[in-house]
């Protein structure tokens, strides 16, 4: 069975500070990994994804994530937080045709 | 990226009535569509997976007769909440994939906020 764990349901950072959202997964097969962002009353928008190849993946809005197989992690980072980054973030694993989502992390950016 | 359009974005209905939500893939063939339900401040709960031209596969605990899913074409899937009750009020989100394309992510609709009064 696949599972996704996001440590910290709420993260607060100051504007301009480093953003780090944690994601660990369990998968019996090499996973496809994703980070999605959700703004209030909207669907999910893809930030970035890892499928194969380079383990450091760059996404939109300055976000990036690194796939670490030994740690079964896919943490999301951004060097400098912006007010517009305040949203809900979901990590997901896809195996086969099925997506498994983490419980989400709400990011608050403090001016 | 590919676009999935979900309609309506919000709906208010009376208890006992039925509501239909549409999910369309605008620029790709969605061989598989997923319907999710999301409660406030929670993650997405997969309700069912629908493949074009076949019956939907429902997750355990989801009532098939209450949440009717139709995926009659490669670009359209519908979710009908039948005899809606206040406890059905939620945010419903669809997503779609073209499984013929490897390494692709799921593309999400904008979501539908259903309020049953």
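Every number here is computed from the coordinates shown, using simple stated rules; none is lab data. None of the values given here were measured: they were computed from a predicted structure. We place every Cβ from the backbone using ideal geometry, glycine too, and count neighbours over all the protein chains shown.
Values computed for the structure shown
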| quantity | calculated |
| --- | --- |
| Enclosed volume per residue, in Å³, of the convex hull spanned by Cα atoms of segment A:48-111 | 105 Å³ |
| Residue mean of other protein chain beta carbons inside 10 Å, A:62-68 | 0 |
| Of B:22, B:87, B:105, the one that fluctuates the most in a GNM where chain B has Cα springs shorter than 10 Å | B:87 |
| Separation of the residue B:15 and residue A:12 label points, Cα + 7 Å toward Cβ, nm | 3.9 nm |
| For segment B:11-43 and segment A:40-111, distance of Cα centres in Å | 23 Å |
| Ranked B:47, A:83, criterion: other C-beta atoms within 10 Å, fewest first | A:83, B:47 |
| Inter-chain shielding of A:100-106 (mean C-beta neighbours from other protein chains, 10 Å cut-off) | 3 |
| Footprinting exposure proxy for A:99, A:74, B:39 (fewest neighbouring C-beta atoms within 10 Å first) | B:39, A:99, A:74 |
| Gaussian network model of chain A, springs between alpha carbon atoms under 10 Å - residue of A:37, A:29, A:13 with greatest fluctuation | A:29 |
| Convex hull volume per residue for the protein assembly as shown, taking Cα atoms only, in Å³ | 121 Å³ |
| Rel. contact order, % - alpha carbon contacts under 8 angstrom, at least six apart, segment A:7-111 | 37 percent |
| Spin-label pair residue A:68/residue A:52, simplified geometry with 7 Å Cα→Cβ offset, distance in nm | 2.5 nm |
| Debye log10 I(q)/I(0) at q = 0.15, 0.22 Å⁻¹ for chain A, Cα point scatterers | -0.58, -1.22 |
| Residue with peak Gaussian network fluctuation, chain B [Cα springs, cutoff 10 Å], from B:41, B:55, B:14 | B:41 |
| Rg/Rg_ref, segment B:34-76, where Rg_ref = 2.2 N^0.38 Å and atoms are Cα | 1.22 |
| Neighbouring partner chain Cβ atoms per residue of A:23-36, average, 10 Å criterion | 1 |
| DSSP bridge orientation in the protein assembly as shown - percent antiparallel, rounded to nearest 5 | 90 percent |
| For chain B, fraction of C-alpha pairs farther apart than 26 Å, in % | 14 percent |
| Estimated distance in nm for a label pair at residue A:20 and residue B:66, the labels positioned 7 Å out from Cα along Cα-to-Cβ | 4.3 nm |
